[in-house]
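What follows is a single structure, written as structure tokens, with notes after it.
The values are calculated or read from the model by the stated rules, or taken from the named source; none is laboratory data. Predicted model only: the values in this text are computed from it and were never measured. Cβ sites come from the backbone with ideal geometry, for glycine too, and all protein chains shown count toward neighbours. Please note that ligands, DNA and RNA were not included when accessible areas were found on the heavy atoms of the full protein model with its side chains. Shrake-Rupley method; radii C 1.70, N 1.55, O 1.52, S 1.80 Å.
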Amino acid sequence: MNRSASRGSARVGLVLGAALASVVLCTTVSAAAPGTASGVAARDSAARPAGERGCPLVYFDLGETLVHTAEDGGIAYRSGAASYLRALRERRITVGLITNVPSSWGTTDAERAARLKQEVDAKWKGSVPFAWEDFGGRILTPRTEAERKPAPVLWQRARTEAGPCRLVFQAETAEEVEVAASLGFVPYQVGQPHRPAFLPVGLVQLLGHR
């Protein structure tokens, strides 16, 4: 790893550490307040829909974050991704995608997302279909080639649409994670050695207690 990349990773680590420390502190204080006995407040917070204060909203990159493309062109879930999405779904945690596709794939996010789904499904080799329904209309794609990541536009759009929700961004590249961190997302670089493959679901839930 070069010195610049090392500094970038260190900055992302500091942002993530500070965010999680803040969340844990707020959770501890909340637990001491009336009305939180037996974990009632924690369950209520985890069940908040997107748009309420403190709700966690987890955005992902797609390629090599949630799915892997093999040498033969086949696409399937990355190890652990399907079970991770299922765990988020069971806890009613909202998810979305921020992913680069050709801007020529459509004039709206919905059109480009439909083309993306078509392309992925046509090459899908996994035994379990990709969980497109989990993402709803929260698939953000570049409207022009200039908006392609790592340009900040897609993250800024996600931030605007999320309202007061605490945002998480998970991806495999340090550069994208660092840009997201600079825009106020809780960042997590997936697939790193000696770390969980994805940001643990319990920590994501804690983000709703800020």
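Contact map, the stretch 104-115: residues that are without any contact (Cβ under 8 Å) to a residue 60 or more places away in the chain and under 15 Å from residue 148 (Cα atoms) paired with residues that are open to solvent by less than 70 Å² (accessible area, probe 1.4 Å) and not in a helix (DSSP H, G or I), Cβ distance under 7 Å, separation 6+ or inter-chain. Pairs shown: 109/139; 109/140; 109/141; 112/101; 112/106; 112/141; 113/139; 113/141.
Restricting attention to the stretch 175-210, which residues are of a type in the set (D, E, K, R) and modelled with pLDDT under 95? 210 - this is the single residue of the stretch 175-210 that is of a type in the set (D, E, K, R) and modelled with pLDDT under 95.
The criterion of at least 3 residues that are under 14 Å from residue 58 (Cβ atoms) and open to solvent by less than 50 Å² (accessible area, probe 1.4 Å) is met by the following helices (runs of 4 or more DSSP H) wholly inside the stretch 111-210: 153-162, 201-206.
Give the residue that is most open to solvent (accessible area, probe 1.4 Å), with candidates limited to residues of the stretch 67-107 that are within 27 Å of residue 203 (Cβ to Cβ), among the β-branched types (Val, Ile, Thr) and in a strand (DSSP E or B). Step by step, filter the stretch 67-107, then rank; the result is 94.
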